[in-house]
Amino acid sequence: MANVDGSYDVTIKSPMGDQSGVLTVQSDGDSFTGQMAGGLGTMEINDGTVDGDSLSWTMDMTVPMPMKLEASASVDGDAISGEVKAGAFGSMALSGVRKA
């Protein structure tokens, strides 16, 4: 079982420019909880699932507009990479590294 727990400094390539934040992951078997905290506030992780080193989750964004975000990512050592789907805005790349 991969260790996916921790805090990650992440960047999301959004249409409004790069959005930086901290993604926290606390796994419990095949699920996880946590949050994404950044310049647009803090979003709680919903429906977090863990499959080996793969994560998937949703977040309810409120700023700058209400929208459900669907995210998936893979953890490789201390690196995380994936994408965030934002409705009509399409997919945005997510990447980052685990904080020491």
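The values are calculated or read from the model by the stated rules, or taken from the named source; none is laboratory data. Please read all numbers here as calculations on a predicted model, not as lab measurements. Cβ placement follows ideal geometry from the backbone for every residue including glycine, while neighbour counts extend to all protein chains displayed. Protein only, heavy atoms only, side chains kept; ligands, DNA and RNA dropped before computing areas. Shrake-Rupley method; radii C 1.70, N 1.55, O 1.52, S 1.80 Å.
Per the Debye formula with a single identical scatterer at each Cα and no solvent contribution, what log10 I(q)/I(0) holds for the chain at q = 0.12, 0.21 Å⁻¹?
Evaluating at q = 0.12, 0.21 Å⁻¹ gives log10 I(q)/I(0) of -0.33, -1.06.
Could you check the simple spin-label distance between Ala79 and Ser20, using points 7 Å along Cα→Cβ, in nm with one decimal?
Placing both labels 7 Å beyond Cα along the Cβ direction yields 2.0 nm.
Just grab the label-to-label distance for Leu40 and Asn3, each label 7 Å out from Cα along the Cβ direction, in nm (one decimal).
Between Leu40 and Asn3, the simple spin-label model gives 3.2 nm.
Given a 1.4 Å probe and every protein chain left where it sits, what share in percent of the accessible area of the chain is carbon and sulfur?
Taking all protein chains in place, the chain shows 50 percent carbon and sulfur surface.
Can you give the accessible area of Lys13, probe radius 1.4 Å, in Å² rounded to 10?
Here the accessible area works out near 110 Å².
Leaving out ligands and nucleic acids, note down the accessible area per residue over the chain with a 1.4 angstrom probe, in whole Å².
Counting only protein heavy atoms, the per-residue value for the chain is 54 Å².
Starting from the 7 Å offset along Cα-to-Cβ, what nm value, one decimal, do you get for the label separation of Lys99 and Lys68?
In this crude label model, Lys99 to Lys68 measures out at 3.0 nm.
Can you tell me how much longer the chain between Ser54 and Lys13 gets when fully stretched, taken as 0.36 nm per residue apart minus their C-alpha distance, in nm with one decimal?
Here the answer is 12.8 nm.
Send over the semi-axes of segment 41-100's equivalent ellipsoid, whole angstrom and largest first, taken as the square roots of 5 times the C-alpha gyration tensor eigenvalues.
Ellipsoid semi-axes (Å, largest first): 21, 12, 12.
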